[in-house]
Ligand SMILES: Nc1ncnc2c1ncn2[C@@H]1O[C@H](COP(=O)(O)OP(=O)(O)O)[C@@H](O)[C@H]1O
Ligand SMILES: [Mg+2]
């Protein structure tokens, strides 16, 4: 499938001399949910801002569905919606007016039915005649999302959409995102809630210090980098691990009632068979076993740590 | 041309004026009425007619110009500065609109507002003094050209300013003195020769003089020179806008 967004050699040096992006290459497929993960200051907002026209790139190109975002900005921007990281809203407008304004601004004729649909999906319809400044932070966030959806974009950017957002809104938001994806909209989000990327995204990109370190199918990523842990709950607690088991790199946990074995699920040999036979040879019996896979968070922390 | 966007911004800006009706219409009308009471009635009754026009009527065109200039400037500069200040400008920057369309929408709205205000003040003035407008078409031309020019100027200030102080600096330090010394309240013939010459470097003199000519058919300088000067200021502002456009928006990093 042809990518709907193609970023090539994108770099940004701010006027201050700070290099925020170092030659980023990235392709986003049509209809996917892509999560961009990275610590604060990694360059996520800068990347999104260049694509959306808020920041001028220092080098490289971005092409959205065949339209260069600078040379052919009208066509490119008409298909892009942006929910910014900061809560920046028109205080004095009503919800309805500010969302309708966005639709017009993006060159679309009036369509009250669509505005109504968007407001209802975000549970904002009851508040349509309220001034934005009278709304809570979470409600303002919904307004920003509604504004971004007012012109029916094909690509939607959500810059840390759930930062400081309550559980209810987060749930609503993910419902909206899934619905949009089902409708063919491509979604690119940044988040520092790694569970969210894990739960929502089809693919994940990890960015740190302006460099895109890794782009991977989420499941693939978890499989590749995922280390698995095998936990054995023992019948009788052990004071210490027997010498004979030293080679396995085991850890003794929970006051000696649990043995934890960490292994690479990608490896040729996981070493589980030998471990189990060694255990029985040493007369260690267990009553339960359980395996768990590392989360994206652990993968992420490892990657970022290795780069430093 | 993205007509929907131009209309959206224009309507939005006009709505802002209606929301702040008190500030945008009532207060200029009150202050103008006060000028009439003080200068027209109280002081004016002791001043002779100027070029056959009673003093109260004489100051009307100047007072309208004064409001037109300051309102165009503050309206347009605030209109673009405020979204910059609160951050909502992100939406305009990310929209499929060109710089020129943004200028048309913001400047068009600001100019419309100050033209309406100018007409309201004209109506108010007619309650205080007998008015006659000998050249209504020329009058409207001056009204529109001046509103456009100073709205453009205001837009430029709004883009340039990065603090509220700077936003208010130009109107306060430049426009108010120039308007007060621009022949709103006197004919420049009444000045000593040196000041009469010095005044000719004040652009506002040409606007007020030309505007007054459209009312009473008398002016300090030829109406053609006034028109030419107004056109020149407009051209200067358009050039400045063109220059800003070519050196980047100044709104992006
Ligand atoms: N306008 C700017 N001028 C100079 N440096 C900036 C500017 N905007 C952002 N930066 C710097 O660029 C880096 C990346 O910022 P940003 O893209 O906002 O990161 P993220 O969104 O991943 O937290 C940060 O170190 C930030 O301080
Ligand atoms: Mg950010």
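Throughout, read-outs are computed from the coordinates displayed, never taken from laboratory work. What you see is a predicted model; the values in this text were computed from it and never measured. In this analysis, Cβ positions are derived from the backbone assuming ideal geometry, glycine residues included, and neighbour counts consider all displayed protein chains.
Which order do B:237, A:52 fall in if you start with the one that has the fewest other Cβ atoms within 10 Å? Present the calculation step by step, with values, prior to reporting the outcome.
Working: B:237 20, A:52 25.
Exposure proxy ranking, most exposed first: B:237, A:52.
Starting from the Kirkwood Rh over alpha-carbon pairs, what translational D in µm² s⁻¹ does region A:5-223 have by Stokes-Einstein at 37 °C and 0.692 mPa s?
Values: Rh = 17.7 Å.
Answer, rounded: 186 µm²/s.
If I model a spin label at residue A:260 and residue B:165 as a point 7 Å from the Cα along the Cα→Cβ vector, what separation in nanometres do I get?
Between residue A:260 and residue B:165, the label points sit 5.7 nm apart.
Kindly list the residues of region B:156-195 that lie in the label zone of residue B:51, defined by a backbone N under 16 Å from the point 7 Å along the Cα-to-C-beta vector.
B:182-191
What distance in nm lies between label points placed 7 Å from Cα along the C-beta direction at residue B:1 and residue A:238?
8.2 nm
Can you give the calculated 222 nm mean residue ellipticity of chain A, where each DSSP H run of n ≥ 4 adds -39,500 (n - 2.57) and the sum is split over every residue, rounded to the nearest 500 deg cm²/dmol? Each step should come with its number before you reach the end.
Working: 10 runs with 102 residues, N = 308.
Rounded to the nearest 500, it is -10000 deg cm²/dmol.
Taking 22 Å as R0, compute the FRET efficiency from the Cβ-Cβ separation of residue A:40 and residue A:70 and round it to 0.05.
Values: r = 28 Å, r/R0 = 1.26.
After rounding to 0.05, the efficiency reads 0.20.
Sum -39500 (n - 2.57) across every DSSP H segment of at least 4 residues in chain B, then divide by the residue count to get the 222 nm mean residue ellipticity, nearest 500.
-23000 deg cm²/dmol
Give me B:252, A:22 ranked fewest to most by other Cβ atoms within 10 Å of their Cβ, as a rough exposure proxy.
Details: B:252 13, A:22 16.
Listed from fewest to most nearby Cβ atoms, that is B:252, A:22.
Work out how much length residue A:293 to residue A:29 would gain on full extension: take 0.36 nm times their residue separation and subtract the Cα-Cα distance, in nm to one decimal. Don't jump to the answer; show the numbers that get you there.
Numbers: separation 264, 0.36 × 264 = 95.04 nm, distance 2.73 nm.
Additional length available on full extension: 92.3 nm.
Using a Debye calculation, one point per C-alpha and no hydration shell, please list log10 I(q)/I(0) for region A:227-294 at q = 0.13, 0.18, 0.19, 0.24 Å⁻¹ in order.
-0.32, -0.63, -0.71, -1.14
With label points built 7 Å along Cα→Cβ from the Cα atoms of residue B:29 and residue B:131, find their separation and express it in nm.
Taking the simple label geometry, residue B:29 and residue B:131 are separated by 1.3 nm.
If you project the alpha carbons of region B:3-247 onto their three principal axes, what span does each projection cover, largest first, in Å?
Result, largest extent first: 59, 35, 34 Å.
Once the protein assembly as shown is represented by equal point scatterers at the alpha-carbon sites, with solvent omitted, what log10 I(q)/I(0) does the Debye formula produce at q = 0.11 Å⁻¹?
One equal scatterer on each Cα of the protein assembly as shown leads to -1.00.
For region A:102-150 and region A:24-98, write down the distance between their C-alpha centroids in whole Å.
Measuring centre to centre over Cα atoms gives 19 Å.
List A:215, B:208 from most exposed to least, where exposure is judged by having the fewest other Cβ atoms within 10 Å. Don't skip to the end; give the middle numbers.
Working: A:215 17, B:208 31.
Going from sparsest to densest Cβ surroundings: A:215, B:208.
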